[in-house]
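Comments concern the structure below.
Each value in this text was obtained by applying a stated rule to the coordinates, not by laboratory testing. What you see is a predicted model; the values in this text were computed from it and never measured. Glycine also receives a Cβ, built like all others from the backbone with ideal geometry; neighbour counts cover every protein chain displayed.
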């Protein structure tokens with residue numbers, strides 16, 4: 001991730017009902033993209049998506065739900081460019097990301113959280129091998145949102 005990519009990604013806006021994944025373009029968001037374990041994915045020199053692992057992939061409500069207690073699991077998060085969503089591109093992107101992180105981190109398993117209304121993403125995660133574990137609530141922009149916690153053994 002570099003500053004140009006971070007500025008671009010920080011401005012992404014998703015249509016309803018996925019607007020909770022939109023970014024606000026703030027300096028704080030840009031700094032998180034630059035200082036966390038974030039990577040940009042390019043295709044034909046254009047930003048295809050981004051992914052992260054570790055603390056940047058976590059949502060606040062997951063701490064109270066106890067899902068971040070097992071340190072042997074690697075938290076992952078990802079986002080496709082808004083123009084790439086809903087086109088069947090999520091699975092190849094997720095598989096490439098997981099392959100990259102396997103070679104870098106050698107995890108025993110990955111874990112992620114996804115808003116329960118995001119059935120498109122949940123279906124992709126299940127097809128790749130993620131198993132639903134539990135749901136929990138977490139605030140997003142001051143509004144409680146239900147999330148699904150999923151785990152995939154490597």
Arranged from highest to lowest average of other beta-carbon atoms within 10 Å per residue, in what order do the peptides 109-115, 24-30, 125-131 appear?
-> 109-115, 125-131, 24-30
Cα extents of region 3-153 along the principal axes, largest first, in whole Å, come to 37, 35, 30
If each of residue 72 and residue 96 carries a label point 7 Å out from its Cα toward its Cβ, how far apart are those two points in nm?
-> 3.2 nm
How big is region 101-154 in terms of Cα radius of gyration and Dmax, in angstroms?
-> 12.5, 37
In nm, to one decimal, how far is the modelled label at residue 153 from the one at residue 141, with both set 7 Å along Cα→Cβ?
-> 3.9 nm
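Estimate the FRET efficiency between residue 27 and residue 83 by the formula 1/(1 + (r/R0)^6), using the beta-carbon distance for r and 25 Å for R0, to the nearest 0.05.
Details: r = 25 Å, r/R0 = 0.99.
The calculated FRET efficiency here is 0.50.
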To the nearest 500 deg cm²/dmol, what mean residue ellipticity at 222 nm is calculated for the chain from DSSP H runs of n ≥ 4 alone, each contributing -39,500 (n - 2.57), summed and divided by the residues?
-> -9000 deg cm²/dmol
At the level of C-alpha centres, the distance separating region 116-153 and region 29-73, in angstrom, is 15 Å
Taking Cα pairs under 8 Å and at least six residues apart, what relative contact order does region 3-153 come out at, in percent?
-> 18 percent
Length gain on complete extension for the stretch residue 45 to residue 106, per 0.36 nm per residue less the alpha carbon to alpha carbon distance?
-> 19.1 nm
Taking neighbour counts of Cβ atoms within 10 Å as a proxy for exposure, in what order, fewest first, do 76, 9, 122 appear?
-> 122, 9, 76
Fewest-first ranking of 120, 58, using other Cβ atoms within 10 Å as the exposure measure | 120, 58
